[in-house]
Amino acid sequence: MSAVARAPRARTDGGSSWWVYAAVAAFALLVAGIFLSAFLNSIASSWFGGWLPDGYTMRWYRFALAEFNLGYVLWVTVVVGVSVTVLSLILGVPAAYVLARHAFPGRAPLLLLLVLPMLVPPITYGIPLAAMLYAAHLGGSLAGVIVVNIVPALPFAVLIMTPFFEQIDPNLERAARTLGAGPVQVFRRVLLPIALPGVLAAGLLILVRAIALFELTFLVSGARSQTLVVALYYTAFAAGNRPAQAIDAMAVVYMVTGLVVLLAALRFINPVNMVIRVRQ
């Protein structure tokens, strides 16, 4: 009598994966410890030993606001981030739709070209790009900082939005066309409302990248066009003696700004779904 072969049952006890959870927990504790240490030092009146500061004060934030021109730096950061996000979406969303709906020769190399600015270290193409912007009299200006941030942000927007458009049923577009809608109406009134969560997620993630992008912004920015991350670098490493507590206060503002935007982005998107299906 023949026996029915049974597939081995998958283990469900999770005993072999405990080290994964331990590694994640250790990494989370390390990051939390760094942030907590910077935050405590930023509100410490003095801290000469022990686990906690000797006293607490908010004067280091007031010092950073006055001495490091933190208010103006935050305004520049917001202007750069919002401008880069809006321009990248205006250009990237239609490009992502074309890549998602049309198969054409050279599509795969084009996608590879879009990935390159995110794979190649920014400093490798940042120096010639900065030289070109200075030759065009955009170096040191707010416009130059926006342009240089768009270079990696635009491919990022295209690569995020392409899977969203691929998941939308093309029959919805055909039905709209049969009812008399033109291409612009179909895109504006049918596709965009469906893809709106993807647009919001892409915009928030681009904003996070613009806030955190250091190399390209550092090469192009001037005294009046520094974003928060570049101003933090100058504050920490420029010549002169500055209170460590004030530098940590500026670092806390930077970390909180990026964290808030990142958490808002994760509200709209699952990073596991950010995968491009390249059609050959």
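Please treat every number below as a calculation from the coordinates, not as lab data. Please read all numbers here as calculations on a predicted model, not as lab measurements. Note that we place each Cβ from the backbone using ideal geometry, even for glycine, and neighbour counts take in every protein chain shown.
Can you tell me the length gained on complete extension of the stretch THR57 to LEU119, counting 0.36 nm per residue apart and subtracting the Cα distance?
Values: separation 62, 0.36 × 62 = 22.32 nm, distance 4.29 nm.
Answer, rounded to one decimal: 18.0 nm.
Full extension from HIS102 to PHE48: what is 0.36 nm times the residue separation minus their Cα-Cα distance, to one decimal in nm? Can you show the working numbers first?
Working: separation 54, 0.36 × 54 = 19.44 nm, distance 6.42 nm.
Extra length from HIS102 to PHE48 when fully extended: 13.0 nm.
Kindly express, to the nearest 10 degrees and within the range 0 to 90, the angle between helix 192-212's C-alpha long axis and the longest C-alpha principal axis of the chain.
30 degrees
Which net charge results for the neighbourhood of LEU172, defined as the other residues with beta-carbon distances under 14 angstrom from its beta-carbon, given Lys and Arg at +1 and Asp and Glu at -1? Before the final figure, lay out the partial values.
Numbers: positive: ARG101, ARG174, ARG177, ARG188, ARG189; negative: GLU166, ASP169, GLU173.
Neighbour charge sum, excluding LEU172 itself: +2.
Taking the structure as given and computing percent of Cα pairs over 28 Å apart, which label from [x] 36; [y] 53; [z] 62 fits?
Step by step, percent of Cα pairs over 28 Å apart for this structure corresponds to label [y].
I'd like the orientation of helix 70-101 relative to the chain: the angle between its Cα long axis and the longest Cα principal axis, in ° from 0 to 90, rounded to 10.
Long axis of 70-101 versus the principal axis of the chain: about 10 degrees.
Would you pull out the residues with amide H under 5 Å of ALA44's amide H, same chain only if 5 or more places away, H placed 1.01 Å from N?
Result for ALA44 returns THR57.
What residue among PHE214, LEU191, LEU204 has its Cα farthest toward the positive end of the dipole of segment 117-257, where the charges are +1 on Lys, Arg and -1 on Asp, Glu, each on the Cβ?
It is LEU191.
What longest region of the chain stays clear of chymotrypsin sites (Phe, Trp or Tyr not before Pro) that DSSP places outside H, G, I, E and B and that have at most 12 other Cβ atoms within 10 Å? Walk me through the numbers on the way to the answer.
Numbers: sites that count: PHE48, TRP51.
The segment 52-280 is the longest one with no such site.
How much length would be gained if the chain were fully extended between ASN69 and ALA25, taking 0.36 nm per residue of separation minus their Cα-Cα distance, in nm to one decimal?
Working: separation 44, 0.36 × 44 = 15.84 nm, distance 3.72 nm.
Full-extension gain reported as 12.1 nm.
How charged is the neighbourhood of PRO155? Take every other residue with its Cβ under 15 Å from the Cβ of PRO155, and add Lys/Arg as +1 and Asp/Glu as -1. Display every interim value, and only then the final one.
Details: positive: ARG107, ARG209; negative: none.
Charge balance in the 15 Å sphere: +2.
Once both axes come from the Cα atoms, what is the angle between helix 107-119 and the longest principal axis of the chain, in degrees from 0 to 90, rounded to 10?
10 degrees
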